[in-house]
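Colleague: The structure under discussion is supplied below as structure tokens; questions concerning it will follow.
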Amino acid sequence: MLSSFSLLGIRAYQSWISPYKGYRCAYSILHGGTGCSGFAKQEIQRNGIKCAMPKIRSRFADCRLALETLQTNQHEAQSGPDKKKKGTRECDWSHLHRCSGDPRMENVDCCPGNADCCPGDCGNF
């Protein structure tokens, strides 16, 4: 019963909230694959809410770390001498290229010369 309510809540979030925030969580932007809500939904469907909760908590913690990484990369990209003033919402990602070789990362932009990937759109996190 609790699993059904949880799945209903996730579906509502995916339908009505996620579209307004950009559909993708920081974890998905950085690592590719399913976003956190999709991951939670799959885990609950497979294992039930009680068994899924530790994995979901861990995923949310990983997503928080991914957000911090993306914000650091954004700050570094904006802090160059030719970038806009600090505090603006615009990003210059012209120095990025598409990842290749890893199918999970094919839609994620990467910083040249850097193994860490950056988002292609600063509005997605």
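Read-outs throughout are calculated quantities, based only on the coordinates presented, and are distinct from any laboratory measurement. Bear in mind the structure is a predicted one, so any value in this text is a computation, not a measurement. As a convention, Cβ positions derive from the backbone with ideal geometry for all residues, glycine included, and neighbour counts pool all protein chains shown.
Colleague: Indicate the gyration tensor shape class of segment 2-66 (rounded, prolate or oblate), computed on the Cα atoms with a ≥ b ≥ c the square roots of the eigenvalues: a/c under 1.5 is rounded; otherwise a/b larger than b/c is prolate and the rest oblate.
Modeller: Cα axes put segment 2-66 in the oblate bin.
Colleague: Now for a separate question. In the neighborhood of Ala12, defined by Cβ-to-Cβ distances under 15 Å, what is the net charge if each Lys or Arg adds +1 and each Asp or Glu adds -1?
Modeller: +3
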